[in-house]
């Protein structure tokens with residue numbers, strides 16, 4: 001049960017190789033992943049072949065045979081342009097969440113930021129990003145800034161609370 005989809009960003013096309021097995025020029029989708037469930041749920045059926053203009057962004061995926069797709073074999077499968085846009089957005093969101101979790105875990109373990117980014121690229125098979133890690137470095141920088149802002153906010157709240165407690169104690173004396 002093959003279907004074509006355009007994945008606009010190269011690093012996200014590479015990321016599919018982390019999520020799914022790549023065999024015979026296609027990604028074998030698994031429903032146990034969130035993105036796999038979404039791919040299965042958004043596929044459309046047609047009784048006639050559907051034109052899909054193949055570009056360098058086009059990837060072929062093989063959907064699993066499940067209860068959700070039991071009638072799919074008798075039809076031509078496709079994704080609408082709108083669904084492809086949604087799938088691209090969702091895949092990017094999954095990537096961002098995965099990176100944030102990986103990055104934060106690395107920071108907690110005391111690993112240097114550059115090493116965390118390099119390890120993520122290698123472990124997620126993002127071959128297009130080797131040597132050009134600026135996109136992920138910017139993301140790690142933003143994540144670090146967010147962590148620092150949260151820590152500063154927490155420090156301000158703690159200092160404010162202690163100030164109130166100390167002031168109230170001094171008034172009571």
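Where a number appears in this text, it was derived from the coordinates with a stated rule and is not lab data. On a predicted model such as this, the values are computed, not experimentally measured, just so you know. All Cβ positions, even for glycine, are placed from backbone atoms using ideal geometry, and neighbour counts span all protein chains on display.
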Notebook entry, point to check: Out of 121, 61, 53, any idea which swings most in a Gaussian network model of the chain, alpha carbons joined below 10 Å?
Noted result: 53
Checklist line | Extension reserve of the residue 24-residue 89 stretch, reckoned as 0.36 nm per residue once the Cα distance is removed | finding: 20.8 nm
Next item on the list: Can you figure out the FRET efficiency of residue 46 with residue 10, using R₀ = 35 Å and their beta-carbon distance, to the nearest 0.05?
Entry: 0.75
Next item on the list: Enumerate the whole-percent occupancy of each 10 Å bin, from 0 to the last occupied one, for all C-alpha pair distances of the range 2-155.
Entry: 10, 36, 29, 17, 8, 2, 0
Next item on the list: Could you tell me how many degrees, from 0 to 90 and to the nearest 10, lie between the Cα long axis of helix 10-19 and the main elongation axis, the longest principal axis, of the Cα atoms of the chain?
Entry: 90 degrees
Notebook entry, point to check: In nm, what is the difference between 0.36 nm times the number of residues separating residue 2 and residue 105 and their Cα-Cα distance?
Noted result: 33.4 nm
Item checked: Sites residue 158 and residue 32, calculated FRET efficiency, Cβ-Cβ separation with R0 45 Å, nearest 0.05 -> 0.60
Margin query: Using only the alpha-carbon atoms, how far is helix 113-123 inclined from the longest principal axis of the chain? Give it as 0 to 90 degrees, nearest 10.
Written below: 20 degrees
Check: Between residue 60 and residue 165, what length comes free when the chain is fully extended (0.36 nm per residue of separation minus the Cα-Cα distance, one decimal in nm)?
Finding: 31.5 nm
